[in-house]
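To keep things clear, I will list the structure first and then write my remarks on it.
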Amino acid sequence: MRIAIIGTGAIASYVERSLAATPHTIKAVLVRPERVQEAPGRFVGSISALPDELEAVVDCAGHGALRDHGPAILERGLDLVSVSVGALADAALSAKLEAAAMRGNTRLHLASGAIGALDCLQSARVGTLDKVTYVGRKPPCGWKGSPAESVTNLDAMQSGAVTHFVGSARDAALRYPRNANVAAAVALAGVGFDSTEVRLIADADIRENVHEIRARGDFGAFQFRVCGKSLPDNPRSSALAAMSVIAKLDQISRRIMP
């Protein structure tokens, strides 16, 4: 596929390096207008400046990028792959994106690979899902720049764990836009943003990000746990989430999908 990338951060850099070994080609990088001169011909500062031959755009830049650029990309006729799953907790934005996709006859593909078992949740909701809980644990440094800093001194944590958020997936995604995309992905796959219970924990005794899903319903019950490493460039970004962007591009470009 011929694609453009939004952003130049840790996830975008990983995606760019990984795509070098695939048939996909990056034709442009969408950045803020003041940065275009850093790489003329490669960086573009607006949707209208994107090349005509594109087949898809990959959002690696966070909730703000999806909010600012998503509707225009979809309405232009380009599919959009985004890691900013939590942005859909904003009901108005979600509706705006869906309307734009309908006008452009396009799709928004959510790359939510930081957590598994979502297929199981999607199947289980065909019956009745009584309860879905997501628990996210990260080392203290993984919560820097989030509301966790108002609950505990992250720098002073040497051992033990502190639960700094308990609430719905919608509240988690809106309050922790850089940290709660997994909670949003679980909500979308299962019982929705308002019915999915979330606990977020700073744990000084772990070195990896730990994600747990617990679900119960007509199908029975399951527990799923994954211990994922962060990207070296950003302790808030999951390596598996970045990998899921490449997997999603491969999936939507195939004629036969698993």
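The values are calculated or read from the model by the stated rules, or taken from the named source; none is laboratory data. Fair warning: this is a prediction, and the values are worked out from it, not measured in the lab. Using ideal geometry, Cβ is built from the backbone for each residue, glycine included, and neighbour counts are taken over all protein chains shown. Protein only, heavy atoms only, side chains kept; ligands, DNA and RNA dropped before computing areas. Shrake-Rupley method; radii C 1.70, N 1.55, O 1.52, S 1.80 Å.
I'm trying to understand the selection: among the residues of region 84-108, which are out of contact with any Gly (no Cβ under 8 Å at 6 or more places or on another chain), under 19 Å from Ile252 (Cα atoms) and buried (at least 21 other Cβ atoms within 10 Å of the Cβ)?
Residue satisfying the conditions is Val85 alone.
Just to be sure before I move on: is Ala28 modelled with pLDDT of 95 or more and in contact with a Pro (Cβ under 7 Å, 6 or more places away or on another chain) in the structure I sent?
yes
Quick test of your reading of the structure: Phe165 fulfils all but one of (1) over 18 Å from the mean Cα position of the chain (by Cα); (2) among the aromatic types (Phe, Trp, Tyr); (3) over 16 Å from Ser146 (Cβ atoms). Name the failing condition by number.
(3)
Out of Asp59, Asp68, I need the residue that is open to solvent by 10 Å² or more (accessible area, probe 1.4 Å) and acidic (Asp, Glu). Which one?
After applying the criteria, what remains is Asp68.
For region 164-174, does any single residue satisfy the condition of being under 25 Å from Cys60 (Cα atoms), in contact with a helix residue (DSSP H, G or I) (Cβ under 7 Å, 6 or more places away or on another chain), open to solvent by 60 Å² or more (accessible area, probe 1.4 Å) and free of Cβ contacts under 8 Å to residues at least 40 places away in the same chain?
The answer is no; no qualifying residue exists.
Look at region 11-54 and say how many of its residues are touching an Asp or Glu at 6+ places or on another chain (Cβ under 7 Å) and open to solvent by less than 20 Å² (accessible area, probe 1.4 Å).
0
Scan region 114-155 for residues that are more than 15 Å from Phe193 (Cα to Cα), of a type in the set (A, V, I, L, M, F, W, C) and crowded, with 19+ Cβ neighbours inside 10 Å and jot them down.
Ala114, Ile115, Ala117, Ala124, Trp143, Ala148, Leu154, listed by residue number.
Might you let me know whether region 110-120 holds any residue that is of a type in the set (Gly, Ala, Ser), part of a loop (DSSP other than H, G, I, E, B) and modelled with pLDDT of 95 or more?
No, the conditions are met nowhere in region 110-120.
Using beta carbons and a limit of 6 Å, which pairs, at least six apart or on different chains, have the first residue in region 215-230 and in contact (Cβ under 8 Å) with a residue 12 or more places away in the chain and closer than 17 Å to Lys131 by Cβ and the second one small (Gly, Ala, Ser) and in a strand (DSSP E or B)?
Phe222/Ala215
Among (1) open to solvent by less than 60 Å² (accessible area, probe 1.4 Å); (2) within 19 Å of Gly113 (Cα to Cα), where does Arg214 come up short?
Just one mismatch for Arg214, condition (1).
Could you please give the count of residues in region 66-95 that are in contact (Cβ under 8 Å) with a residue 40 or more places away in the chain and not aliphatic (A, V, I, L, M)?
Number of matching residues: 5.
For Ala111, indicate whether it is of a type in the set (A, V, I, L, M) and either closer than 30 Å to Arg76 by Cβ or surrounded by fewer than 18 Cβ atoms within 10 Å (Cβ to Cβ) (or both).
Yes, satisfied.
Residues of region 217-249 being surrounded by fewer than 17 Cβ atoms within 10 Å (Cβ to Cβ), at pLDDT 90 or above and in contact with a Ser or Thr (Cβ under 9 Å, 6 or more places away or on another chain), which ones?
The answer is Asp218, Phe219.
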